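Have a look at the structure below before the remarks.
The values are calculated or read from the model by the stated rules, or taken from the named source; none is laboratory data. Bear in mind the structure is a predicted one, so any value in this text is a computation, not a measurement. All Cβ positions, glycine included, derive from the backbone under ideal geometry; neighbour counts span all protein chains shown. Heavy atoms of the whole protein, side chains included, go into the accessibility calculation; ligands, DNA and RNA do not. Shrake-Rupley method; radii C 1.70, N 1.55, O 1.52, S 1.80 Å.
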Amino acid sequence: MVANAEKVTQKQHPSGDKRFKALDITMKRNQYRQDALIEILHKAQEAFGYLEEDVLLYIARGLKLPLSRVYGVATFYHLFSLKPSGAHSCVVCLGTACYVKGSGEVLAALEKKACIHQGETTPDGQMSLMTARCIGACGIAPAVVFDGEVAGKVTAEQALERIEKWGIGNG
């Protein structure tokens, strides 16, 4: 009986994916408390790169939460992603100051050049294009974040030059 119990505790996720073990450890460390959901989602995104549906379901079952609640939290916070990210990221600020100074035109130019819309990744996985309500860089509006680096007073032409260096839209 004891040997059988040990097998159960050492059992891996049915997929054999060891990343689920990191989730199990995080959930156990937090005593499967439902109020640890955000921390567990962070760990899942760190392990998997993004939060796919089976990962959300696994977390929901582990914390005994409805999937709708886990999905709701994952989609509410901007830092969680339900899709794989591109090799490069481009975040256009659409806050009032940036928008008034032309970030809408910057976004439109980027969407046209990359043949994607905000919230999407190019089919080749090279770039994800996102928007933010405000990145707190109003003094240098319009602001765009290229691979985590904030660029200020960005024109549409400058943004296009930047993504062309990544090989976007050169085909």
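Just tell me which aspartates and glutamates come within less than 19 Å, Cα to Cα, of K112; anything on the same chain fewer than 8 places away is out.
Straight-line reach from K112, under 19 Å: E120, D124, E157, E161, E164.
Loop sites only, by DSSP: take the chymotrypsin sites (Phe, Trp or Tyr not before Pro) in the chain that have at most 16 other C-beta atoms within 10 Å and name the longest stretch containing none of them.
On the way: sites that count: Y32, Y50, Y77.
The longest such stretch corresponds to 78-171.
Place a +1 charge on the Cβ of each Lys and Arg in the range 34-126 and a -1 charge on the Cβ of each Asp and Glu, then give the dipole magnitude about the Cα centre in debye, rounded to the nearest 20.
Details: 8 positive and 10 negative charges, 32 e Å.
About 160 debye.
Among G86, F76, T155, flag the residue with its Cα farthest along the positive direction of the charge dipole of the range 60-158, charges on Cβ as +1 for Lys/Arg and -1 for Asp/Glu.
Result: F76.
Taking θ as phi - 60°, what are the ³J(HN,Hα) couplings along the range 36-44 by the Karplus curve (6.51, -1.76, 1.60), each to the nearest whole Hz, with x for Gly and Pro?
Calculated HN-Hα couplings, in order: 9, 3, 5, 4, 5, 5, 4, 4, 5 Hz.
Would you mind pulling out the separation of the Cα centroids of the range 85-148 and the range 22-48, in Å?
30
Which of V145, L107, I168 sits closest to the plus end of the dipole of the chain, meaning its Cα is farthest towards the positive end, when Lys and Arg get +1 and Asp and Glu get -1 on the C-beta?
V145
With every protein chain present, what is the per residue accessible area of the chain (1.4 Å probe, Å²)?
Values: 10530 Å² over 171 residues.
On a per-residue basis, 62 Å².
Could you look at the chain and say what percent of its accessible area is carbon and sulfur, using a 1.4 Å probe and all protein chains? Each step should come with its number before you reach the end.
Numbers: 5640 of 10530 Å².
Accessible surface attributable to carbon and sulfur in the chain totals 54 percent.
For the chain, how big is the tail of P(r) above 20 Å, as a whole percent of Cα pairs? Don't skip to the answer; put the middle values down first.
Numbers: 8680 of 14535 pairs.
Of all Cα-Cα distances in the chain, 60 percent exceed 20 Å.
Rounded, prolate or oblate for the range 44-83? Axes are the square roots of the Cα gyration tensor eigenvalues, ordered a ≥ b ≥ c, and the cut-off for rounded is a/c under 1.5. Display every interim value, and only then the final one.
On the way: a/c = 2.14, a/b = 1.30, b/c = 1.65.
Oblate, because a/c is 1.5 or more while a/b does not exceed b/c.
DSSP loop (so not H, G, I, E, B), at most 12 other Cβ within 10 Å: list which trypsin sites (Lys or Arg not before Pro) in the range 129-171 pass both filters.
Details: sites: R133, K153, R162, K165; in loops: R133, K153.
Filter output for the range 129-171: R133.
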